[in-house]
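Just below is one structure, and these are the notes that go with it.
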Amino acid sequence: MPNKNYQRGFSAEKRCQEELEAVGYWTQRAYGSKGSWDVIAVCLECTCLIEVKRQKRKIVKQSSIEHQFSEVIRKFREIPDAPRLNKELWIWFDKQSVAGEDDYRPAHWQRYLVTATKVIPSARDLV
């Protein structure tokens, strides 16, 4: 039986695939995820190499993203740039209670495009 962290990561990867497939991408998981990406997604406009992470708490600062995921970013930057190739970091944040309130922050994705010199928040909505 897989451990809890594996199951959490697997469910985020499957959610990523399902969202991409719902808008017309062909996807495939990289089983074992020992490479530079977890999911490859292909459509007519582009090919996306996606590393999927799952977090319990929202990361607010851009510098924190770049620090916490520096190894992922380094691996993506080793992949040569090509026309219509996107290297993306998708972070799934679980639903969280808001301190002192009876309210919750909904679970959601935070997506980033990794370039040779920058990590750019992605405003692209899939659905």
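The values are calculated or read from the model by the stated rules, or taken from the named source; none is laboratory data. Bear in mind that the values here come from a model prediction, so they are computed numbers and not experimental data. A quick note on method: Cβ atoms are made from the backbone with ideal geometry, for glycine too, and the neighbour counts reach across all protein chains shown.
Of (1) in contact (Cβ under 8 Å) with a residue 40 or more places away in the chain; (2) in contact with a Cys (Cβ under 8 Å, 6 or more places away or on another chain), Arg84 satisfies all except one. Which?
Condition not satisfied by Arg84: (1).
Scan (1) loosely packed, with under 14 Cβ neighbours inside 10 Å; (2) in contact with a strand residue (DSSP E or B) (Cβ under 6 Å, 6 or more places away or on another chain); (3) at pLDDT 90 or above; (4) of a type outside the set (Val, Ile, Thr) for the single condition Phe76 breaks and write down its number.
For Phe76, the failing item is (1).
Go through Glu51, Glu45, Glu66, Glu21 for me and flag whichever is in a strand (DSSP E or B) and either in contact (Cβ under 8 Å) with a residue 60 or more places away in the chain or acidic (Asp, Glu) (or both). Break it down into steps so the answer makes sense when it comes.
Values: Glu45 fails: in a strand (DSSP E or B); Glu66 fails: in a strand (DSSP E or B); Glu21 fails: in a strand (DSSP E or B).
Result: Glu51 is the single residue among Glu51, Glu45, Glu66, Glu21 that is in a strand (DSSP E or B) and either in contact (Cβ under 8 Å) with a residue 60 or more places away in the chain or acidic (Asp, Glu) (or both).
Going through segment 69-79 one residue at a time, which ones are more than 14 Å from the chain's Cα centre (by Cα) and not in a helix (DSSP H, G or I)?
Ile79
Filter segment 2-47 down to residues that are exposed (fewer than 14 other Cβ atoms within 10 Å of the Cβ) and at positive phi and give me whichever is farthest from the chain's Cα centre (by Cα).
The residue in question is Gly24.
Quick check: anything in segment 96-115 modelled with pLDDT under 65 and under 18 Å from the mean Cα position of the chain (by Cα)?
No, segment 96-115 contains no residue that is modelled with pLDDT under 65 and under 18 Å from the mean Cα position of the chain (by Cα).
Pick out the one residue from Ile91, Ile59, Ile50, Ile65 that is surrounded by 12 or more Cβ atoms within 10 Å (Cβ to Cβ), modelled with pLDDT of 95 or more and within 22 Å of Val119 (Cβ to Cβ). Can you show your working first?
Values: Ile91 fails: modelled with pLDDT of 95 or more; Ile59 fails: modelled with pLDDT of 95 or more; Ile65 fails: modelled with pLDDT of 95 or more.
The conditions single out Ile50.
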